[in-house]
1. Return yes when TYR6 is touching a Lys or Arg at 6+ places or on another chain (Cβ under 9 Å) and closer than 28 Å to GLU128 by Cβ and no when it is not.
2. For residues that are within 21 Å of THR61 (Cα to Cα) and either open to solvent by 60 Å² or more (accessible area, probe 1.4 Å) or without any contact (Cβ under 8 Å) to a residue 24 or more places away in the chain (or both), tally how many sit in segment 22-37.
3. Restricting attention to segment 38-52, report how many residues are under 30 Å from ASN122 (Cα atoms) and either among the small types (Gly, Ala, Ser) or surrounded by 13 or more Cβ atoms within 10 Å (Cβ to Cβ) (or both).
4. Take the conditions at pLDDT below 85, among the β-branched types (Val, Ile, Thr), under 30 Å from LEU117 (Cα atoms) and surrounded by fewer than 14 Cβ atoms within 10 Å (Cβ to Cβ) and apply them to VAL16. Does it pass?
5. For segment 59-83, which residues satisfy the criterion of being closer than 20 Å to ARG101 by Cα and open to solvent by 90 Å² or more (accessible area, probe 1.4 Å)?
6. Select, from GLU66, GLU124, GLU49, the only residue that is over 25 Å from TYR6 (Cβ atoms) and of a type in the set (Asp, Glu).
Amino acid sequence: MNGNPYTNNLFLVDGVNNNDMGSGRTILVYPSVDAIAEFKMLRNSYGPEYGQASGAIISITTKSGENQFHGGVFYAGRNDKLDANDWFSNNNNTGKAKLRRNDWGYNVSGPILKNKLFGWWNQEWNHEIRGQSVSACVPTAAAKAGDF
């Protein structure tokens, strides 16, 4: 962003720096999509409170509890059985590689002390199977015998 490498971006979760400085500025916490209340990306002309980066400021605000009980479940899936084969796999006769991703989870929110203390809980799991389509040149019997 702004001509800077990705390591110059600042990631915030609820106003707290979410960059792991010891491993090339990767993200420490990956909040569940269901737990995000607001997402804001500042690209330029941001205030002095964001003085930790010369790139973009990516700020995420998480959800909080409320005075009524609410909850939800979710599932998102991807299966290679529903995908078409790509040109490279068709050309090399290798077939499709496996690609199966399952994300599921739940959330619960509600009052702990009415009008005073609220709670929000979210949990998410994912499982991924990722295969690889391989094509290789195998020498003929004549080439193995030295006839090139």
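The values are calculated or read from the model by the stated rules, or taken from the named source; none is laboratory data. Note that the structure is a prediction, hence the values are computed from the model and not measured. All Cβ positions, even for glycine, are placed from backbone atoms using ideal geometry, and neighbour counts span all protein chains on display. Please note that ligands, DNA and RNA were not included when accessible areas were found on the heavy atoms of the full protein model with its side chains. Shrake-Rupley method; radii C 1.70, N 1.55, O 1.52, S 1.80 Å.
1. yes
2. Count: 8.
3. The total comes to 2.
4. no
5. Listed by number, the residues that qualify are VAL73, TYR75, ARG78, LYS81, LEU82.
6. Only one candidate passes the filter, namely GLU66.
Here is a yes/no grid of residues against (1) among the small types (Gly, Ala, Ser); (2) open to solvent by less than 50 Å² (accessible area, probe 1.4 Å); (3) touching a residue at least 40 places away in the same chain (Cβ under 8 Å):
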{"site": "ASN92", "(1), (2), (3)": "no, no, yes"}
{"site": "GLY95", "(1), (2), (3)": "yes, yes, no"}
{"site": "ARG100", "(1), (2), (3)": "no, no, no"}
{"site": "GLY105", "(1), (2), (3)": "yes, yes, yes"}
{"site": "VAL108", "(1), (2), (3)": "no, no, no"}
{"site": "LEU113", "(1), (2), (3)": "no, no, no"}
{"site": "ASN122", "(1), (2), (3)": "no, yes, yes"}
{"site": "GLU128", "(1), (2), (3)": "no, no, no"}
{"site": "ASP147", "(1), (2), (3)": "no, no, no"}
